[in-house]
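Heads up, the thing below is written out as C-alpha cells.
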Amino acid sequence: MSGPDIESGTVVVDGDIISWVGPRALAPPGRDVELGDVILAPGLVNAHTHLDLTVMRGRFGGLSFFEWIRALTAARAGLSAEQLLDSARGGIREGLLAGITTYADTTPGDAPFEAMLELGVRGIAYREVFGPDPRQCEASMAGLREAVAAMRARETPLVRVGLSPHAAYSVSDELFTAVADFARSESLPIATHVAESEDESQLVSNGDGVFAVFLRGRDITVNPRGRTPVDVLERRSVLGPNALLIHCIRCDERDIVTIAKHRCGVATCPMSNRYFGHGAAPVAAMRDANVRVGAGSDSMASNDRMDVLREARLALGAGAREREVWELATLGGARALGLDHVISSLEAGKQADLAAFPRGADPGGPTRASFVAVAGRVLVEDGQLHGSP
Ligand SMILES: [Zn+2]
C-alpha cells in the first residue's frame, strides 16, 4: 500500500512490528514461514460492524428499515450476555477467515469489546448510547460514563474504546451535544450512523415520516433539526477528525464539503445499504474531496457475510482498479479510523497485522485468507483458526 507490489517478497516480523520488507533474495536470515502462492497484504479493516448481531443473520428479510430496527431490538433483548458474547466471537472468527484484523464496532453492550480482547484482534469498541427523548439525556449520559469507565480500565494497545451516539432518530440533539463534549474531554473517538435512510432525512429536515410518528407516539416533541442529518451533527459539534460517520448515503455537495472541512472519517457499507434499498453513498465524490473513506460490513442482520474486500469492490464500482480495492479495504479503513500511522501498510515500523490470500481465487466468491496475524501473533494458519477445535 505504500509502494509498488513486490513479487516473491518477504516480510520480516520482530515481535509485534514489521522490521523489514523486500524481495526474498535480499531478506535477512531468520526462521522462515512459507505462505505459498498468495497475495500478502496488510490485514483488512472492517470500518463498521456490530459483532454481537452476527447470530441475527438472515432473520429479518423483507422488513422495512423501521420494522427491521424494531424487530432486531426486540430479538437482541432476548439474548443473554453469554449469547451476545458468543455471537461476537462468531463475527470475529468469520472476519479473521476473511482476512480482517481490525474491527470498528458499535454496540450498546460489552460483548464485542470482550470478544476482541479475548481473540487477539485489533479494534475500536464504540460504546453505543441511545435516547431520543431530551428528558432521558442525563440518564443516558450517566449510563454511558459508567460503562466507558469500566471499559477504559481494560483497554489495551490493540483494543481501544470510543463513543457512539447511535443515530439522529434515536438520539436527541441534547444527547448528541453531551456525548460530543464527553468525547472531547476524554479524547475519545466517536462514531455515529448518519444519512442512511430517507426516513431519517424526513425526520431531521421536516419533522415528519415514520420516525416522527413513532417518537410523537412516545410523547417526544419532534421539530425540524437541521438542513440534513450531517447538518444536525455539525450544529451539535459532533463533527471533527475523531468522528467516524457511518453510511453517509443521503449527502449532497454541501454535506460533503462539511464532512471534508471537519476532516471526519466515513464508513461506507454497500451490502447493507443494498439490503435495505437505501441506495449508495457518494464514495467517489467524497474521495475526490479528500474525505477518508473506509469500507464496512455493518452487522450480519443486514448482510450475508463479513467480507470487506467485497464491500470495497462494491463501494468503488465496476471500473475500479484492483489496487484501489485493496487500498480501500486496508489503508482506507485505517485512515477513516485514524489508525493509518499504526497499521495497513507493509512497512518497517508498522504493526505486523498481516493477511495472506491464495492467488487465483474467484473475485466474485467469498474472500478467504490462508494466513492472518495481528501484532505478530498468528491467528489463522492454512486457512484455519489457530487453536480452533
Ligand atoms: Zn450500523
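The values are calculated or read from the model by the stated rules, or taken from the named source; none is laboratory data. For clarity, every value in this text was computed on a predicted model and none was experimentally measured. Note that each Cβ is placed from the backbone with ideal geometry, even for glycine, and that neighbours are counted across all protein chains shown. For the accessible areas, the whole protein counts, side chains as well, though only heavy atoms, and no ligand, DNA or RNA atoms are used. Shrake-Rupley method; radii C 1.70, N 1.55, O 1.52, S 1.80 Å.
Considering only the stretch 177-200, state which residues are surrounded by 22 or more Cβ atoms within 10 Å (Cβ to Cβ) and not hydrophobic (A, V, I, L, M, F, W, C). Residues satisfying the conditions are 189, 192, 193, 196, 197, 200. Within the stretch 107-137, the set of residues being of a type in the set (Phe, Trp, Tyr) and crowded, with 23+ Cβ neighbours inside 10 Å comprises 113, 126.
Scoring residue 102 on the criteria (1) surrounded by fewer than 24 Cβ atoms within 10 Å (Cβ to Cβ); (2) in contact (Cβ under 8 Å) with a residue 60 or more places away in the chain leaves a single failure, condition (1).
Return the residue satisfying two criteria in turn: it lies in the stretch 245-263 and is within 16 Å of the ligand (Cβ to nearest atom) and in a loop (DSSP other than H, G, I, E, B), and of such residues it is least open to solvent (accessible area, probe 1.4 Å). Break it down stepwise before answering.
Within the stretch 245-263, the first condition is being within 16 Å of the ligand (Cβ to nearest atom), and the residues that meet it are 245-250.
Okay, now just the ones that are also in a loop (DSSP other than H, G, I, E, B), so 248-250.
Values: 248: 0, 249: 17, 250: 68 Å².
In this case the residue turns out to be 248.
Contact map, the stretch 204-217: residues that are open to solvent by 40 Å² or more (accessible area, probe 1.4 Å) paired with residues that are part of a helix (DSSP H, G or I), Cβ distance under 7 Å, separation 6+ or inter-chain. Pairs shown: 208/202; 210/66; 210/199. Applying a threshold of 8 Å to beta carbon distances and a minimum spacing of six or more residues, or different chains, the list of pairs starting in the stretch 67-88 at a residue that is farther than 20 Å from residue 306 by Cβ and ending at one that is part of a helix (DSSP H, G or I) and open to solvent by less than 80 Å² (accessible area, probe 1.4 Å) reads 81/111. Going through (1) within 18 Å of residue 51 (Cβ to Cβ); (2) crowded, with 18+ Cβ neighbours inside 10 Å one by one, residue 140 falls short only on (1).
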